[in-house]
Amino acid sequence: MIINTAEFLLSNTNPAKCPPPVKPEYAFIGRSNVGKSSLINMLLNRKGLAKTSSTPGKTKLINHFEVNGEWYLVDLPGYGYARISKKEREKWEGMIKTYLTKRQNLVTTFVLVDSRIEPKKADLDFINWLGEAGLPLAVVFTKADKLTQNSLTSNIAAFKAKLSETWEELPVSFITSAENSMGRSDILSFIEAGNKDFKEYLNNNSPQN
Ligand code: GTP
Ligand code: MG
């Protein structure tokens, strides 16, 4: 897929105020500082589109972007950020889980996992929650440029081994780097295929049929 246009649409905390669910949508989520905004900018080839920061927990809103006038990309707030209160965490959970379960046009949720570290409970719990809710997901290992091929391979194997404890068939996964664009074309092809499926679904379920 060639990215011709990518623009920020709106941010909000209320899932009901998202753009009308008429275009296929892809959400990006992960622990704070995992590299969500960097990955989004890399995928869309727009440096400052999604705000990156060295301060964890900066993205607190549901951020919608429109790509090629054809699909929506959503930058969601990070989870597992230690320095927030229980009340804030519950507020986050309510907002995100409402968004994920109610959003009719959501094709796939990309769950970002830092490839440099051992499997984290917050990531496994979140992936398992999506699975139990029957929501399609893909795992994206981030920051692959930051470690050796050996460490990368063994960290990913360790994560998949953990997932295998609860998943019969593992979700699709991608290995990425926002530094050198690793994984970019694979993710964009995956989205392109999702867009095609979405269109077919709409055609097959339109009122005329
Ligand atoms: P919050 O929105 O604050 O939760 O963070 P985020 O998940 O959006 O992470 P962000 O993209 O802001 O990146 C966090 C830090 O990791 C920044 O300093 C990025 O420059 C760095 N980073 C992100 N992706 C990569 C990557 O692929 N390679 C390297 N080397 N650094 C990365
Ligand atoms: Mg961010």
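The values are calculated or read from the model by the stated rules, or taken from the named source; none is laboratory data. Model, not experiment: these values are computed from the prediction. Reconstructed Cβ throughout: ideal geometry from the backbone, glycine too, with neighbour counts over all protein chains shown.
The figures follow:
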{"quantity": "Output for the range 84-105, where each listed residue is outside any helix (DSSP H, G or I) and over 30 Å from GLU70 (Cβ atoms)", "calculated": "ILE84, SER85"}
{"quantity": "Restricting the range 106-162 to residues that are small (Gly, Ala, Ser) and not in a helix (DSSP H, G or I), the residue that is farthest from LEU73 (Cα to Cα)", "calculated": "SER115"}
{"quantity": "Test: residue in the range 3-26 that is in contact with a Ser or Thr (Cβ under 8 Å, 6 or more places away or on another chain) and modelled with pLDDT of 95 or more", "calculated": "yes"}
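Residue-by-condition table, conditions (1) under 17 Å from the mean Cα position of the chain (by Cα); (2) more than 13 Å from ligand 1 (Cβ to nearest atom); (3) at pLDDT 95 or above:
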residue	(1), (2), (3)
SER37	yes, no, no
ALA50	yes, no, no
THR55	no, no, no
GLU70	no, yes, yes
GLY78	yes, no, no
ARG83	no, no, no
